[in-house]
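Reviewing the structure listed below.
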Amino acid sequence: RTHLSAWLGVGDALYTDVEADLVGMQDMYKNWPWFREVIDLIAMILSKTDYSISKNYDDQLVEKTEELISIGNEIRERLVKT
């Protein structure tokens with residue numbers, strides 16, 4: 001339910017603290033159809049993800065090891081960030 005392969009890394013790639021970078025990306029979204037389409041596609045995919053179902057899958061199906069639990073938590077944290 002996380003559609004992981006479609007969005008993982010996008011949040012890290014687009015995140016910025018630099019105002020000029022943010023303005024540049026806003027300009028790209030406005031003026032570059034390809035960039036706008038990619039961002040809109042990612043937004044659509046994110047709208048179809050379900051944090052609670054992902055968490056439930058982990059609770060019901062994943063072996064209760066610290067490593068596996070932390071991987072699931074990290075993925076959901078990245079989902080929220082993206």
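The values are calculated or read from the model by the stated rules, or taken from the named source; none is laboratory data. Note that the structure is predicted; figures quoted are calculated from it, not measured. For neighbour counting, all protein chains shown are included, and Cβ atoms are generated from backbone atoms with ideal geometry for every residue, glycine included. Surface areas here come from the heavy atoms of the whole protein model, side chains and all, with no ligands, DNA or RNA. Shrake-Rupley method; radii C 1.70, N 1.55, O 1.52, S 1.80 Å.
So which residues in the stretch 12-58 are open to solvent by 70 Å² or more (accessible area, probe 1.4 Å) and within 19 Å of residue 1 (Cα to Cα), if there are any at all?
Once the filter is applied, which keeps residues that are open to solvent by 70 Å² or more (accessible area, probe 1.4 Å) and within 19 Å of residue 1 (Cα to Cα), the stretch 12-58 yields 41, 44, 47, 48, 51, 52, 55, 56, 57.
Which of (1) free of Cβ contacts under 8 Å to residues at least 40 places away in the same chain; (2) open to solvent by 80 Å² or more (accessible area, probe 1.4 Å); (3) in a helix (DSSP H, G or I) does residue 63 not meet, given it meets every other one?
Unmet for residue 63, out of (1) free of Cβ contacts under 8 Å to residues at least 40 places away in the same chain; (2) open to solvent by 80 Å² or more (accessible area, probe 1.4 Å); (3) in a helix (DSSP H, G or I): (3).
Are there any pairs, at least 6 apart or on different chains, whose C-beta atoms fall under 8 Å, with the first in the stretch 16-32 and outside any helix (DSSP H, G or I) and at pLDDT 95 or above and the second surrounded by 10 or more Cβ atoms within 10 Å (Cβ to Cβ) and β-branched (Val, Ile, Thr), and if so, which?
Final answer for the pair search is none.
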